[in-house]
Structures are given as C-alpha cells and as structure tokens.
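Undergrad: Mind looking over this structure? Questions follow.
The values are calculated or read from the model by the stated rules, or taken from the named source; none is laboratory data. What you are looking at is a predicted structure, and each value in this text was computed from that prediction instead of being measured. Cβ placement follows ideal geometry from the backbone for every residue including glycine, while neighbour counts extend to all protein chains displayed. The area values use the complete protein model at the heavy-atom level, side chains included, leaving out ligands, DNA and RNA. Shrake-Rupley method; radii C 1.70, N 1.55, O 1.52, S 1.80 Å.
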Amino acid sequence: MPVVEEAPAKVNLTLQVTGQRPNGYHDLQSLVVFAQMGDQLEFWPSDELSLEVEGPFACDLGAASENLVMGAARSLQARYGLSTGALIKLSKNLPVASGIGGGSSDAAAALRGLCRLWELKPERRDLADLSLGLGADVPVCLRGEPCHMSGVGEEIIPIRLPSGLWLLLVNAMIPVSTAQVFKERQGRFSVPAALPENWRSLDSFMASLALAANDLEEAAGRISPFIGTCITALSKTQDCLLARMSGSGATCFGLFAEAAAAKKAALMVSEQYPDWWVAAAAVKGSTERLQRDPLEKLPNAMTYLPRVKTP
C-alpha cells in the first residue's frame with residue numbers, strides 16, 4: 001500500500017503587507033486556515049524519483065520535473081544524502097496559481113509523505129528550515145493547522161478557532177499574476193493588526209477579522225474585475241459571514257457558521273456561474289472531530305468543477 005498524504009487548500013482569512021526587505025521579499029501578516037479538501041499525493045517505493053499527475057487540473061501544470069513536489073523531494077534527498085527514489089502520484093484537484101497555496105501545500109505534503117516512506121524522522125525545525133527554502137507558504141502548509149503567519153513565512157503561531165466554521169471557495173478561472181498584483185499595489189504597507197491566538201465566540205472572531213482585510217484584494221481587483229464579481233456573488237448568499245479574496249487571488253472565499261448554509265450557497269453559486277470552480281468544505285481545526293483526526297476526509301464536502309465548453 002502507498003503512503004498517502006492530503007494537501008489541503010490554504011486560505012488567508014486576513015493578509016496584511018507590512019514591509020519589504022532589501023532582497024525584495026515582502027513581510028506579511030496573515031491569519032491562515034485550511035479547508036478540509038484539496039489535492040492528494042501517493043508515494044510508492046521506487047529506485048527512481050518520478051512524478052505522475054492526474055485530476056481535473058493536471059493539464060494546467062507545467063513539466064513534472066519542474067513541479068514544486070519534485071523540488072521538495074530533491075531537497076529532502078540532498079539534505080539527508082539519500083539516493084532512494086519514489087514514485088509520486090499527485091491528484092490535482094485545486095486550481096493552479098489561484099491564491100490557495102496548491103503548489104505549496106503539495107510540496108509540504110511531499111515532505112511529510114517522503115519522510116514516512118523513507119523512514120526519516122527529522123527535527124521539526126530542520127524540516128521547517130528546508131520548507132522555507134521551497135517557498136514562503138510551504139512552512140505554514142507543513143503545519144497544516146490554523147495559524148498566525150508573519151515575516152516571510154517563517155514565523156508561525158498556532159491558533160484556536162471557534163467551532164463549526166465552513167468555507168465556500170470560488171474561482172472564476174481567470175488567473176492573476178502574484179508579481180503583477182504586488183506591482184499594482186505600489187509598495188504601500190499596513191500597520192500589523194494585533195489579533196489574539198484564540199477566541200471564545202464566533203462574534204469575537206468576526207470582530208478580529210474586521211481589524212485586518214486582504215491588502216492585495218483591491219490591486220488584484222483592478223487587474224481582474226472577476227474578483228469583485230466573485231466577492232459580490234458570495235456576499236449575496238444567505239448566512240455568509242464574510243466574503244474576501246485569498247492570497248494574491250484569484251480564489252475568493254465565503255465564511256459560514258454552518259455546513260448546511262455553505263452547501264446551499266455552493267449550489268446557488270454553481271448554478272448561477274457554471275463556468276466557475278466552486279467548493280464547500282469545513283475548516284480544519286474548527287471542530288472537535290477535525291482536531292482528533294485532521295486529515296480525515298468529510299464525505300459531505302462538495303466541489304463543482306467548471307463546465308467544459310464545447311465548440
């Protein structure tokens with residue numbers, strides 16, 4: 001049997017750009033959560049290191065040799081002087097370059113899965129340092145739990161969420177360049193909001209989210225008006241607590257306090273916009289059940305794929 005790892009979608013509930021370093025990297029502060037759905041990776045013993053990709057968004061990826069999953073595997077081999085290979089199978093269920101950390105989450109899952117396959121037991125700090133070299137979002141994806149993330153991705157503090165939170169993710173399938181979004185923002189920075197590490201109620205949680213928005217949303221919306229369309233569509237659904245863009249776009253999310261409300265909204269949005277990718281799922285770590293088994297799949301999570309256009 002293969003080693004199996006989930007690579008859940010990462011969602012930035014808040015995202016503040018707080019500065020820029022001499023090397024060009026931006027300092028960020030973000031409240032990050034993960035959806036109970038995403039990509040999946042399988043790891044099989046092999047003499048060679050190889051990657052096979054399948055799934056609804058497989059065709060949107062570049063060459064397998066350039067995939068961040070392979071970069072993670074090679075970095076792990078180099079760090080521990082290994083010549084052992086692996087056959088990695090990636091089921092690509094998340095849209096590519098969409099602001100929900102698909103590639104970073106895949107790389108983090110590759111590190112976790114290969115450590116299991118190759119029977120490595122690295123120190124957490126060692127693996128975190130290695131993951132940061134792969135990308136700013138990889139360390140938080142390696143943790144895979146609700147966190148405050150700051151700096152260039154290296155500062156991570158776990159948080160406790162109110163129970164029962166659900167996400168509705170929508171993407172109009174119009175890609176937005178992260179570099180272009182930062183350029184459009186023109187070097188403006190925010191004062192970091194002081195957010196707690198746990199919340200006693202949903203009301204206090206929502207009050208905290210009101211203190212920090214997504215600093216990149218306005219710039220991304222000027223580049224792609226579809227982002228505003230997505231946020232408006234989410235805002236109009238019944239019982240949506242908050243509608244924002246995640247990361248640098250173009251995926252947007254609606255936050256809900258109940259599964260039924262999120263699933264009802266998913267059905268409504270998918271019927272109104274059949275060419276969009278729409279997915280509803282629980283927030284990992286926001287219920288007692290998910291805290292016991294954070295990688296257990298929920299059978300009642302739902303995804304609507306974009307309608308395939310015919311000539």
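Undergrad: Step by step: first the residues of the stretch 81-94, then only those that are more than 19 Å from the chain's Cα centre (by Cα) and crowded, with 21+ Cβ neighbours inside 10 Å, then the one that is farthest from ALA172 (Cα to Cα). Which residue is that?
TA: Looking at residues that are more than 19 Å from the chain's Cα centre (by Cα) and crowded, with 21+ Cβ neighbours inside 10 Å, I get ALA86.
Undergrad: Further, regarding this structure: So SER150 clears everything in (1) open to solvent by 10 Å² or more (accessible area, probe 1.4 Å); (2) not in a strand (DSSP E or B) except one condition, right? Which one?
TA: (2)
Undergrad: Can you give me the number of residues within the stretch 101-130 that are in contact (Cβ under 8 Å) with a residue 40 or more places away in the chain and assigned to a helix (DSSP H, G or I)?
TA: Qualifying residue count, the stretch 101-130: 14.
Undergrad: Among the helices (runs of 4 or more DSSP H) contained in the stretch 164-232, which hold 1 or more residues that are at pLDDT below 95, open to solvent by less than 50 Å² (accessible area, probe 1.4 Å) and of a type in the set (D, E, K, R)? First the steps, then the outcome.
TA: Details: elements: 178-185, 202-209, 217-223.
Of the helices (runs of 4 or more DSSP H) lying wholly inside the stretch 164-232, those with at least 1 residues that are at pLDDT below 95, open to solvent by less than 50 Å² (accessible area, probe 1.4 Å) and of a type in the set (D, E, K, R) span 178-185.
Undergrad: When the residues of the stretch 233-244 are filtered to those that are assigned to a loop (DSSP other than H, G, I, E, B) and free of Cβ contacts under 8 Å to residues at least 40 places away in the same chain, which remaining residue is most open to solvent (accessible area, probe 1.4 Å)? Steps first, please.
TA: Filtering the stretch 233-244 down to residues assigned to a loop (DSSP other than H, G, I, E, B) leaves 236-241.
Imposing the further condition that a residue be free of Cβ contacts under 8 Å to residues at least 40 places away in the same chain reduces the set to 236, 238-239, 241.
Numbers: LYS236: 154, GLN238: 113, ASP239: 95, LEU241: 71 Å².
Checked the stretch 233-244; the qualifying residue most open to solvent (accessible area, probe 1.4 Å) is LYS236.
Undergrad: Out of (1) within 12 Å of the chain's Cα centre (by Cα); (2) open to solvent by 60 Å² or more (accessible area, probe 1.4 Å), the odd one out for GLY101 is which?
TA: (2)
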